[in-house]
Amino acid sequence: MWAIASGIEGNLAAYEAVVADLRKSRQEVENFYLLGDTIGPKVESNQLIKRIQQPRKGEPTPLVCQGWWEEQILILHALGRTGSPTELIDRYGIDMTKTLWDAIDSTTLEWVRTLEFEFVELDCFLIHGSSLSVSDELTPSIDPIHAIDRLSRMDVNQLFCGRSGLAFEYRIESGSLNSQVQTLDNLTAPTPTILSNRRIIGVGSVGRVEGKASYTLYHPESNKLAFKTVRYGTKKGFG
Amino acid sequence: MKIAVMSCIHGNYEALNAVLSDIDRQQAEKIFCLGDLVGYGPQPNAVVEMIRSLDIPTVQGCWDEDIVEGLNACECSYPSILAEKRGKRAHEWTNDRIHPEVREYLAQLPLSLREENLCFVHGSPHNQHEYLMPEVNAFTALERVMATGADVLFCGHTHIPYVRTLDAGQLAVKVRQPEGSSTKQFTAPLKQIINAGSVGEPRHGRPNATYVIYDTDDRLTTLREVKYDYQLTCQAIIDNGLPAIFAWRLAQGLEYAERAEDPTHVCER
């Protein structure tokens, strides 16, 4: 079984809730993927990263890739794939550049630099955004032609992503399209292209919604998916 | 209305002149150009001056971009070290001779143009370097057209003209969320990709210049092949110290070298 999560955004309590839920399930987690936005614009991110790097006995070691927030901090430190934090400013305003800069310490920054962009395992592609970019937000209402494009770019049957924060399965059950090509010397007969059973899976968000962490379980042998939601609190209850 | 669409002139003035004369004979009312005005060929300034003087709406090609920005594509641009060496020599040669005003003109060219339900790009709507080969997956091809919002996508870059018609598209999608499931059916309207081939460096197996005529009223495309005295250009290539293999390639109408393993790969800069 794989556990796949995204969007912790520095929310340590939410991460602990997911890890506890996995422990309770008593199923062996073969791979534990964190599909980016592990950090967020808050100092708690540094503590979370220490926790992720030091799993306790019996806990799976997460495989972590870069997300949107990781890309933004790398851009701020001139380590990104683009030179200026345009997207960050457009989305959150200029003040966010300082907030994010101040929140993430140098140890966490070094850790972010080591992260993969994506994972490919079996017929699955796992990434924060999509095969187009880390910012590409795939949702349940995506146009099916664009969905097929995102799958085709990596030549996979299944794409797991976390950018939208939503839990969903978008399955292309069947599709066909006729194509005819005319060249200077030839006109081909119309040829159908058929496809079936490809899907995009939104894995939910661990930390974006306070008190409610969502993640996804996937069984590679059976291809079955389960969307999990864990409620948690940050107070001490009756204690 | 009849329009003419041409691409990839590559500094070949003789070929451009012949194509413009043919366009006159076809009585096209408007001409569009899909870029790559320069590179490989011996008359880059003359070609740009002609396009400018006729006020032909033109998009920027990958060679035009490289002359403006400098060569910074990743190594995927060339299928072999030999091809890379030749490409760099051609780039240096062009870069050394291009007039400042020509460079300025190339710099301000748009990446795409729209005219009603028609869209014009060099490679693909996503990248000037992407090759939309006729054999690319049909759904991928459809996405490239739909990404523009147009019904017909005109492109070049491959140097081989074709018309690809994408029709009768159907898709069944099931969406499952924690709160419930739904099923949707989609139909894709008829779309076309029309590749204009190459005026100045054809690769369809003959040395003739190629371009297309499109009739917007009946949506009919005519692939045009125009004979011209290509040997004049071949001689100019050699006289100007460009790699002689470019003259051979022009005379054969062939990409003499190896083909890239994945022509649909998009260069990441």
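The values are calculated or read from the model by the stated rules, or taken from the named source; none is laboratory data. Note that this is a predicted model, so its numbers are computed, not measured. Here the Cβ is made from the backbone with ideal geometry for all residues, glycine too, and neighbour counts use every protein chain on show.
Observations
- Every condition in (1) β-branched (V, I, T); (2) within 14 Å of B:C155 (Cβ to Cβ); (3) surrounded by 23 or more Cβ atoms within 10 Å (Cβ to Cβ) is met by B:T221 except one, and the failing one is (3).
- Flag for B:L166 being over 17 Å from A:P144 (Cα atoms) and modelled with pLDDT of 95 or more: no
- Screening B:K227 against (1) within 20 Å of B:D36 (Cα to Cα); (2) more than 16 Å from the chain's Cα centre (by Cα); (3) of a type in the set (K, R) leaves a single unmet condition, (1).
- Number of positions in segment A:129-158 that are closer than 20 Å to B:K184 by Cα and either within 7 Å of another protein chain (Cβ to nearest Cβ) or in contact with a Pro (Cβ under 6 Å, 6 or more places away or on another chain) (or both): 6
- Tally of residues being more than 21 Å from B:Q43 (Cα to Cα), of a type in the set (K, R) and away from chain A (no Cβ under 12 Å) across segment B:176-233: 1
- Condition check for B:S181: of a type outside the set (V, I, T), more than 30 Å from B:E116 (Cα to Cα) and touching a strand residue (DSSP E or B) at 6+ places or on another chain (Cβ under 8 Å): yes
- When B:L82, B:L118, B:L132 are checked against the criterion of being over 30 Å from A:D149 (Cβ atoms), among the aliphatic types (A, V, I, L, M) and in contact (Cβ under 8 Å) with a residue 60 or more places away in the chain, B:L82 stands alone in meeting it.
- A residue that is among the aromatic types (F, W, Y), closer than 30 Å to B:E201 by Cβ and more than 10 Å from every other protein chain (Cβ to nearest Cβ) occurs somewhere in segment B:142-159.
- The strands (runs of 3 or more DSSP E) located wholly in segment B:113-196 that include 1 or more residues which are closer than 21 Å to B:L223 by Cα occupy B:118-121, B:152-155, B:162-177, B:191-195.
- For segment A:208-228, the condition holds for at least one residue, the condition being that it is within 7 Å of another protein chain (Cβ to nearest Cβ) and either part of a strand (DSSP E or B) or under 16 Å from the mean Cα position of the chain (by Cα) (or both).
- Scanning segment A:159-199 for residues that are touching a residue at least 60 places away in the same chain (Cβ under 8 Å), surrounded by 22 or more Cβ atoms within 10 Å (Cβ to Cβ) and more than 10 Å from chain B (Cβ to nearest Cβ) yields A:F160, A:C161, A:G162, A:R163.
- Across segment B:1-33, the number of residues qualifying as assigned to a helix (DSSP H, G or I) and closer than 20 Å to B:V152 by Cβ comes to 2.
- Among all positions in segment B:233-253, there is at least one residue which is modelled with pLDDT under 95, under 18 Å from B:I160 (Cβ atoms) and under 16 Å from the mean Cα position of the chain (by Cα).
- Restricting B:I51, B:I67 to residues that are within 26 Å of B:L20 (Cα to Cα), of a type in the set (V, I, T), at pLDDT below 95 and surrounded by 17 or more Cβ atoms within 10 Å (Cβ to Cβ) narrows the list to B:I67.
- Odd one out for A:K24 among (1) more than 15 Å from A:F160 (Cβ to Cβ); (2) in contact (Cβ under 8 Å) with a residue 24 or more places away in the chain: (2)
- Within the set B:V199, B:V173, B:V212, B:V226, the sole residue that is out of contact with any helix residue (DSSP H, G or I) (no Cβ under 9 Å at 6 or more places or on another chain) and crowded, with 18+ Cβ neighbours inside 10 Å turns out to be B:V212.
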